[in-house]
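Chemist: A single structure is presented below for examination.
The values are calculated or read from the model by the stated rules, or taken from the named source; none is laboratory data. Remember, predicted model here, so these are calculated numbers, not experimental data. Here the Cβ is made from the backbone with ideal geometry for all residues, glycine too, and neighbour counts use every protein chain on show. For the accessible areas, the whole protein counts, side chains as well, though only heavy atoms, and no ligand, DNA or RNA atoms are used. Shrake-Rupley method; radii C 1.70, N 1.55, O 1.52, S 1.80 Å.
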Amino acid sequence: MTNKIAFVATEMLPEQAAPVNTKGAIAWMQSNLFSTPRDTILTVVFLAVVAGILYYLVPWLVLNSVFFADSIRECREIDTGACFAVVTSRFNQLIFGFYPSQHYWRPILTFLMMFVAFAPLLHDNLPRKMLWFTAAFPLLAYWFLWGGAIWGPLLIVAALVGTYFVYKTAAASLSPILSLIASVVFLIFWLLFIQSWLSAGLTNTIGFIGLEPVESAKFGGFLITFVIGVSGIAGSLPIGIVLALGRGSDMPTVKMICVGFIEFIRGVPLITLLFVASTLLNYFLPPGTTFDLILRVIIMVTLFASAYMAEVIRGGLAALPRGQYEAADALGLNYWQATRLIVLPQALKISIPGIVSTFIGLFKDSVLVSIIGILDPIGIMQPIRSSSEWNGIIWELPIFIGLVFFVFCFAMSRYSMYFERKLDTGHRN
Amino acid sequence: MTVAADFADEAEPFRISQLIYDKRYRSYTIQVVTMMLFMLAVAWLVNNVIENFEALGKTFSIDFLWQPASYDINQKLIEYSSRSPHWKAAVVGILNTLVLAFLGCIFATIVGVAVGVARLSKNWLVSRLMTIYIEGFRNVPVLLWILLVSSAFSALLPAPRQAAPLLGGGFVPTNRGFYFPAPVFESGSGILAIIFVASIIGAWFFGRWADARQKATGEILPVFWIRLGILLVPTFLMYFLLGMPVGLDIPELKGFNYQGGLFVRNSFMALWLALSLYTGAFIAENVRAGIQAISHGQTEASSSLGLPPSRTMNLVVLPQALRIIIPPLISQYLNLTKNSSLAIAVGYMDVTGTLGGITLNQTGREMECLLLLMAFYLTVSLLISGVMNVYNNSVALKER
């Protein structure tokens, strides 16, 4: 009945185009660039500044830049702009340092394996079996980069498997704590006494199977940045978790040790710790022990990052509602079960932004090793600048190095934002 | 209740295994074991140090601090020459670090607040440019920025002879450093200083009085302008009455160099600029996050109470946002102070450069120098974080 009544429109009217001042480029500019007189002034001033910078930068950086030449004189003859030829001609040095060129495939392969190793941690739809590769990656990377006989890494795998079996057999008859102690004793005994003996024996009987060793002094460029950064990242997360749990512990001595460590490390600049690594660390070890500077630096950087990591994770633990801890207690879970199943998964999720920014900070801070004489990209910049071919180069190398850092750090921060959104369950306390 | 009491009263014979399996005793066991392991580790490290020192014929003492340093420091705030002892070199370095950190924190705060607010601007161009600045600085190592700014100064600025003085000749940027006009204090400037301090105190008391009056009567005075008047008018009057006792020493070109004025080396300027711009980018993010964290309801509530936008900002948004902004801001100050140790890369003699650099290399006392250096940074950090904790407790939300 009602729809027959003539004064009610039964048909949709055709849509009209939006008025010019609410849609389209002009409207957008009006609301985003020129909405008030003050806005207009700001826009004009900033446009002028940007135009001025681009006016000087674009010809130098893009239009007149030279990418292939053998020396700075040749560069200047070809064109007036930036001489990125220094980057292309010294590219291998900037990336690999003095790593022997016939072995470049090893770091490259390790770099690619790194992505495969990280993949199952970053994407949960990949097969879980890939985590085995992630677990093996540190040993593989060490073997590929430093070379040497395969026996060392294989024996460490054997040691870990052996430790697991010792634990299993002991746990059948003894209490868990005693079997844990037994397996740890086994591992330490193996690493201290059996490892080198067996490895020498295997080399003598079967022979040298492996890669040609490369000493750490040959490492340099971005290779060293990645070695320090990635080992620091991998090491600082577990140590940081332990420190954060220790700091939150209700046992005074444990808490005191953790707080002391964290506050000490956070209170001093990284550069002083690197000085310790380069000059003092040998004093703290039994007389006669010397080990590699890069290894010492990695240890220091890892300890440094783990103190910051501990604080980030402590923030996550503190942000977790009290009810979660109480619920875990009510279910009858013991401390480790509650921590592993209830507390840490949520606390780590809360602290992802902080964890990633600690990673980024660690990655950036790895350039400080140039001050103690390690030839990372910044450390290698000086020799290149003072070489006779490239004497007079100022901007091109820092621009290239900065760009590489920017790409990796920016990618990490964007990925963490994506990851955060993906894990967000929408619960707000 | 009775059940629990019975259970506690029951005199259970103590067994050794309870140390591991009984929750009441386990924590003692763990603590004793950790403490023992910790002590063992410390003892092992100390023992190694002693053995190593003996093997090298070294001793542990800080007597070297009183020996002549025999090196020069080109930028110093106190009297120092190469005949001064090492401790004085360390003090010069400490003062240099503190000056750099202090000026850096001030400039970083100014940059950070301005950029953080500008990033929230409705103007698309402004907010985009600020994002570029923030991401650009946050994702590149600060050491690279320091080196870049330092080489920019030495490559782009003119030599003193070709330099073009700016701001009426008072400010001269050159490739050796920056010349600023230096204030010259003549007799009578002491009186001026006393009057200025007195007017600061007066302005503060006026602010309190105006506040109390507003709370009592609801009348709002133009506090800002009156305060400005109290601050400036008496000082200016006295300045002219006393015959202008504070003058300016303007740098002048003499021969190859400028003479007079205040000379600041490029190494300091580069560090100061790079550190503040780098830290400013982080502070900007903190400021933005702090402002965005204040829910829109707060602004709307304040508008519906009839407060104008400026008062909404001052009385409602800022006090709440500051509670969120200040703790990370102070940890950024700490980071800047610690990053100032990168001065060693451009040759500015801060405490890392004197005590941890030349003194260490000359005396060969790595252990003592580095321990003292760490103790200094640790003291500064703990002081700053102590102040931060006091502040945090004073502004923390008083819940229930």
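Chemist: Determine the pairs where a residue that is closer than 23 Å to B:ARG24 by Cβ and assigned by TED's automatic domain parsing to the domain that holds A:TYR418, located within region A:328-354, has a partner that is in a helix (DSSP H, G or I) and among the acidic types (Asp, Glu) with Cβ atoms under 8 Å apart, the partner being 6 or more residues away or on another chain.
Modeler: Correct list of pairs: A:ALA338/A:ASP329.
Chemist: Condition first: in contact with a strand residue (DSSP E or B) (Cβ under 7 Å, 6 or more places away or on another chain), among the aliphatic types (A, V, I, L, M), under 30 Å from A:ILE393 (Cα atoms) and assigned to a loop (DSSP other than H, G, I, E, B). Can you find one or more residues in region B:154-166 that meet it?
Modeler: The answer is yes; a qualifying residue exists.
Chemist: So, in region B:350-363, exactly how many residues are open to solvent by less than 30 Å² (accessible area, probe 1.4 Å) and more than 22 Å from A:GLU263 (Cβ to Cβ)?
Modeler: Residues in region B:350-363 being open to solvent by less than 30 Å² (accessible area, probe 1.4 Å) and more than 22 Å from A:GLU263 (Cβ to Cβ): 6 in total.
Chemist: Given the residues A:VAL87, A:VAL49, which is the only one that is outside any loop (DSSP other than H, G, I, E, B) and in contact with an Asp or Glu (Cβ under 9 Å, 6 or more places away or on another chain)?
Modeler: Residue meeting the stated conditions: A:VAL87.
Chemist: Still on this structure: Condition first: buried (at least 18 other Cβ atoms within 10 Å of the Cβ), under 24 Å from B:ASN74 (Cα atoms) and of a type outside the set (Gly, Ala, Ser). Can you find one or more residues in region B:376-383 that meet it?
Modeler: Yes, there is a match, as at least one residue in region B:376-383 is buried (at least 18 other Cβ atoms within 10 Å of the Cβ), under 24 Å from B:ASN74 (Cα atoms) and of a type outside the set (Gly, Ala, Ser).
Chemist: Residue check, B:VAL140 against (1) part of a helix (DSSP H, G or I); (2) assigned by TED's automatic domain parsing to the domain that holds B:SER341, all met but one. Which one?
Modeler: All conditions are met except number (1).
Chemist: Kindly indicate which of B:ILE230, B:ILE250, B:ILE283 is in the same structural domain as B:VAL115 (by TED's automatic domain parsing), in contact (Cβ under 8 Å) with a residue 24 or more places away in the chain and out of contact with any strand residue (DSSP E or B) (no Cβ under 8 Å at 6 or more places or on another chain). Even if it seems obvious, please write down each step before you answer.
Modeler: Details: B:ILE230 fails: in the same structural domain as B:VAL115 (by TED's automatic domain parsing); B:ILE250 fails: in the same structural domain as B:VAL115 (by TED's automatic domain parsing).
Of the residues listed, the single one that is in the same structural domain as B:VAL115 (by TED's automatic domain parsing), in contact (Cβ under 8 Å) with a residue 24 or more places away in the chain and out of contact with any strand residue (DSSP E or B) (no Cβ under 8 Å at 6 or more places or on another chain) is B:ILE283.
Chemist: Still on this structure, please answer the following. Determine whether A:GLY24 is surrounded by 14 or more Cβ atoms within 10 Å (Cβ to Cβ) and at positive phi. I'd like the intermediate steps shown before the answer.
Modeler: Working: surrounded by 14 or more Cβ atoms within 10 Å (Cβ to Cβ): no; at positive phi: yes.
It is false that A:GLY24 is surrounded by 14 or more Cβ atoms within 10 Å (Cβ to Cβ) and at positive phi.
Chemist: Within region A:376-429, take every residue that is farther than 28 Å from A:PRO353 by Cα, among the β-branched types (Val, Ile, Thr) and open to solvent by less than 40 Å² (accessible area, probe 1.4 Å) and give me the one that is nearest to the chain's Cα centre (by Cα).
Modeler: A:ILE380
Chemist: So, in region A:74-103, how many residues would count as being free of Cβ contacts under 8 Å to residues at least 12 places away in the same chain and of a type in the set (Lys, Arg)?
Modeler: 1
Chemist: Only one of these is more than 11 Å from chain B (Cβ to nearest Cβ) and open to solvent by less than 50 Å² (accessible area, probe 1.4 Å): A:ALA69, A:ALA51. Name it.
Modeler: Exactly one residue qualifies, and that residue is A:ALA69.
Chemist: Here's a follow-up. For the subset of region B:105-125 comprising residues that are within 14 Å of another protein chain (Cβ to nearest Cβ) and part of a helix (DSSP H, G or I), which member is most open to solvent (accessible area, probe 1.4 Å)?
Modeler: Residue satisfying both the conditions and the ranking: B:TRP124.
Chemist: Is there a residue in region B:154-163 that is within 7 Å of another protein chain (Cβ to nearest Cβ) and surrounded by 16 or more Cβ atoms within 10 Å (Cβ to Cβ)?
Modeler: Checked region B:154-163: no residue is within 7 Å of another protein chain (Cβ to nearest Cβ) and surrounded by 16 or more Cβ atoms within 10 Å (Cβ to Cβ).
Chemist: Quick check on this structure: which one of B:ILE146, B:ILE132 is surrounded by fewer than 21 Cβ atoms within 10 Å (Cβ to Cβ) and either more than 14 Å from chain A (Cβ to nearest Cβ) or in a helix (DSSP H, G or I) (or both)?
Modeler: Values: B:ILE146 fails: surrounded by fewer than 21 Cβ atoms within 10 Å (Cβ to Cβ).
Going through B:ILE146, B:ILE132 in turn, the sole match is B:ILE132.
Chemist: Output the residues belonging to region B:269-298 that are over 14 Å from the mean Cα position of the chain (by Cα), polar (S, T, N, Q) and buried (at least 20 other Cβ atoms within 10 Å of the Cβ).
Modeler: Matches in region B:269-298: B:ASN286 only.
Chemist: Shifting gears a bit: Open to solvent by 50 Å² or more (accessible area, probe 1.4 Å) and of a type in the set (A, V, I, L, M): which single residue out of A:ILE150, A:ILE181 fits that description?
Modeler: Numbers: A:ILE150 fails: open to solvent by 50 Å² or more (accessible area, probe 1.4 Å).
Only one candidate qualifies: A:ILE181.
Chemist: Let me ask something else. In this structure, is A:PHE118 over 21 Å from A:LEU375 (Cα atoms) and at pLDDT 85 or above?
Modeler: Yes; evaluated as a whole, the condition is true for this residue.
Chemist: Given the structure, is B:LEU65 more than 20 Å from B:THR279 (Cβ to Cβ) and either more than 11 Å from chain A (Cβ to nearest Cβ) or open to solvent by less than 20 Å² (accessible area, probe 1.4 Å) (or both)?
Modeler: yes
Chemist: Now for a different question. Name, by its number, the condition in (1) away from chain A (no Cβ under 14 Å); (2) of a type in the set (Phe, Trp, Tyr); (3) under 29 Å from A:PHE284 (Cβ atoms) that does not hold for B:PHE14.
Modeler: (3)
Chemist: Is there a residue in region A:124-145 that is open to solvent by less than 60 Å² (accessible area, probe 1.4 Å), part of a loop (DSSP other than H, G, I, E, B) and touching a strand residue (DSSP E or B) at 6+ places or on another chain (Cβ under 9 Å)?
Modeler: Within region A:124-145, none of the residues are open to solvent by less than 60 Å² (accessible area, probe 1.4 Å), part of a loop (DSSP other than H, G, I, E, B) and touching a strand residue (DSSP E or B) at 6+ places or on another chain (Cβ under 9 Å).
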